[in-house]
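Here's the structure we're looking at; comments come further down.
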Amino acid sequence: MEFDKILVPISGTDADEETMRLACRLAKKAKGRIWAVYVITVQRTLPLDAKIEPEIQKAEDILDHIEMVAEEEDYKVEAEALQAREAGPAIIDEAVERGVGLILMGIRHKRRFGQFSLGNVVPYVLKNSPCPVILHQQ
């Protein structure tokens, strides 16, 4: 399969780097575009467009690093921080808006109460995605 539009949700974990490298390799074959998005979760007590400086700075630093990783792979990525109440719906909205053909998500092997856990965001994306989703486990 060739994917000409890839969305890579960035979470700020060590899985992000290798996931971006994989996205670059996949996009090169189709001469495609890559969008990296980092979702800043805004508490319900705040307005959705609240300026949460520490979180905004953290998002910018993470996205700057991801852009450098893509440059190392000789690829240009469009990186954007989004503010939303929940990450899952924001990722799906972004995928629909951009008409992507693939969502590539990096995950870490997490254990919760002794069991493997994907958290809340990954199952939401898997259930609601308008396109194929690839999980890249770090």
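Residues that are among the polar types (S, T, N, Q) and within 14 Å of the chain's Cα centre (by Cα) within the range 121-137 comprise SER129, GLN137, listed in sequence order. Here is the figure for the range 20-45: residues that are in contact with a Leu (Cβ under 6 Å, 6 or more places away or on another chain) and farther than 17 Å from ASP61 by Cα total 2. Does the range 75-86 include one or more residues that are assigned to a helix (DSSP H, G or I) and touching a residue at least 24 places away in the same chain (Cβ under 8 Å)? No, because not a single residue in the range 75-86 is assigned to a helix (DSSP H, G or I) and touching a residue at least 24 places away in the same chain (Cβ under 8 Å). Restricting the first member to the range 110-138 and to residues that are surrounded by 14 or more Cβ atoms within 10 Å (Cβ to Cβ), and the second to residues that are hydroxyl-bearing (Ser, Thr, Tyr) and modelled with pLDDT of 80 or more, the beta-carbon pairs closer than 6 Å and six or more apart or on different chains are HIS136/THR19.
Residue-by-condition table, conditions (1) closer than 24 Å to LYS5 by Cα; (2) in a helix (DSSP H, G or I); (3) modelled with pLDDT of 90 or more; (4) hydrophobic (A, V, I, L, M, F, W, C):
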residue: ASP16; (1), (2), (3), (4): yes, yes, yes, no
residue: LEU22; (1), (2), (3), (4): yes, yes, yes, yes
residue: ARG25; (1), (2), (3), (4): yes, yes, yes, no
residue: ILE34; (1), (2), (3), (4): yes, no, yes, yes
residue: ILE40; (1), (2), (3), (4): yes, no, yes, yes
residue: THR45; (1), (2), (3), (4): no, no, no, no
residue: ALA50; (1), (2), (3), (4): no, no, no, yes
residue: ILE56; (1), (2), (3), (4): no, yes, yes, yes
residue: ILE62; (1), (2), (3), (4): yes, yes, yes, yes
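Can you confirm whether the range 69-90 contains a residue that is surrounded by fewer than 17 Cβ atoms within 10 Å (Cβ to Cβ), polar (S, T, N, Q) and in contact with a strand residue (DSSP E or B) (Cβ under 6 Å, 6 or more places away or on another chain)? The answer is no, given that none of the residues of the range 69-90 is surrounded by fewer than 17 Cβ atoms within 10 Å (Cβ to Cβ), polar (S, T, N, Q) and in contact with a strand residue (DSSP E or B) (Cβ under 6 Å, 6 or more places away or on another chain).
The values are calculated or read from the model by the stated rules, or taken from the named source; none is laboratory data. Just so it is clear, the structure is predicted and the values come from calculations on it, not from any experiment. Neighbour counts are summed over all protein chains in view; Cβ atoms, including those assigned to glycine, are modelled from backbone coordinates with ideal geometry.
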